[in-house]
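Working notes, structure below.
The values are calculated or read from the model by the stated rules, or taken from the named source; none is laboratory data. Because the structure is predicted, anything quoted here is derived from the model rather than measured. Counting neighbours? That spans all protein chains shown, and the Cβs are built from the backbone with ideal geometry, glycine included.
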Amino acid sequence: MSRRLQIGTVSFLLTFLWTAGLFVAFVGGRLGQHPSPAMAVAAAGALCAVCSGVLLTVACFPGLLELLRLVAQVAAIGAVLDAAAVGWSELPWNDRVPDVLNDLEFSNFLLLPSMIALTASSVLFFSRWFSNQASRTRFEPMGAVQSAFLILRRHHRLLGWLALAFAAAHSVYFLLFPGATFVQWTGIAATALLAIGGVLGLITSYNTFWRLWIHRVIAILMVAALALHWYPFLPAATLFLIGLCAAGLAHLKLVSSLVRLSQA
């Protein structure tokens, strides 16, 4: 058995355990019904471990992620159709059309996968830095961080389109009913910048210095607009990202130790 296959198998088994722990914390801890601080921390830690475990597993089995591209594309098409349904149901001459989406309840639910896809797309710069550091320090398990970076880079464009598609229904509603609130306009600005980045990605490639930096500037402005849009959640989001990095490091080291034990 190759080393990559060993790492991927161990990572998959550990991710299954983290998922089971997240399920126990989510259901047993009744997270939707005022959970205790300890249970909330446990659930957040399990979620970070699951995310890091999934990333390492698919990095070791890139063919699996290629198969999942079709699933992601179908999900994106479904999200776009949901956005079209929201826009159609809110047009002035459709007042009598039943609101099967319960206003924005279902569309807002799609913001969670949108934020996950957007995060995975926007951390490409940092994952490159981590990959370079892992190469210089010969971080164990060898090649794991580099494989994760390559997966994020290979699917960077798809992740960006997924983020835009899942956020579309939420954004379309507020484009139809614009207001004067700061939060609403920062959200519209973030969506517009994300759409501009996607359109530029369709009509050009980033194989020159200026094209690459135009893309990066648009991405930085989009992240800034999104941070202003979600500013009440910035402390929690920052802690989550720190926890995700810590969980990823712990997961990697645990996988490396188990692989060495199995070889011994």
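For region 149-160, the criterion of a residue being touching a helix residue (DSSP H, G or I) at 6+ places or on another chain (Cβ under 7 Å), closer than 26 Å to residue 70 by Cβ, assigned to a helix (DSSP H, G or I) and among the β-branched types (Val, Ile, Thr) is satisfied by at least one position. Scan region 129-148 for residues that are in contact (Cβ under 8 Å) with a residue 60 or more places away in the chain, in a helix (DSSP H, G or I) and of a type in the set (D, E, K, R) and the total you get is 0. Filtered by the rule that a residue be crowded, with 16+ Cβ neighbours inside 10 Å and either outside any helix (DSSP H, G or I) or touching a strand residue (DSSP E or B) at 6+ places or on another chain (Cβ under 9 Å) (or both), region 207-219 gives no residues.
Condition check ((1) modelled with pLDDT under 85; (2) over 30 Å from residue 10 (Cβ atoms); (3) basic (Lys, Arg); (4) not in a loop (DSSP other than H, G, I, E, B)) across all residues:
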position: 174; (1), (2), (3), (4): yes, yes, no, yes
position: 195; (1), (2), (3), (4): no, yes, no, yes
position: 202; (1), (2), (3), (4): yes, yes, no, yes
position: 221; (1), (2), (3), (4): no, yes, no, yes
position: 226; (1), (2), (3), (4): no, yes, no, yes
position: 234; (1), (2), (3), (4): yes, yes, no, yes
position: 240; (1), (2), (3), (4): yes, no, no, yes
position: 249; (1), (2), (3), (4): no, no, no, yes
position: 257; (1), (2), (3), (4): no, no, no, yes
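So is residue 167 surrounded by 16 or more Cβ atoms within 10 Å (Cβ to Cβ), modelled with pLDDT under 85 and either within 25 Å of residue 217 (Cβ to Cβ) or basic (Lys, Arg) (or both) or not? In short, yes.
Of the set (1) surrounded by fewer than 19 Cβ atoms within 10 Å (Cβ to Cβ); (2) at pLDDT 85 or above, all apply to residue 138 but (2). Of the candidates 66, 90, the single residue that is at pLDDT 75 or above and closer than 29 Å to residue 169 by Cβ is 66. Taking (1) exposed (fewer than 15 other Cβ atoms within 10 Å of the Cβ); (2) within 20 Å of residue 112 (Cα to Cα) in turn, residue 173 satisfies each apart from (1).
Note on region 27-44: among residues that are over 14 Å from residue 236 (Cβ atoms) and not aliphatic (A, V, I, L, M), the one that is modelled with the highest pLDDT is 36. Taking region 106-135 as the search range and keeping residues that are within 16 Å of residue 249 (Cβ to Cβ) and surrounded by 16 or more Cβ atoms within 10 Å (Cβ to Cβ), which one is nearest to the chain's Cα centre (by Cα)? If we take residues in region 106-135 being within 16 Å of residue 249 (Cβ to Cβ) and surrounded by 16 or more Cβ atoms within 10 Å (Cβ to Cβ), then 123 is nearest to the chain's Cα centre (by Cα).
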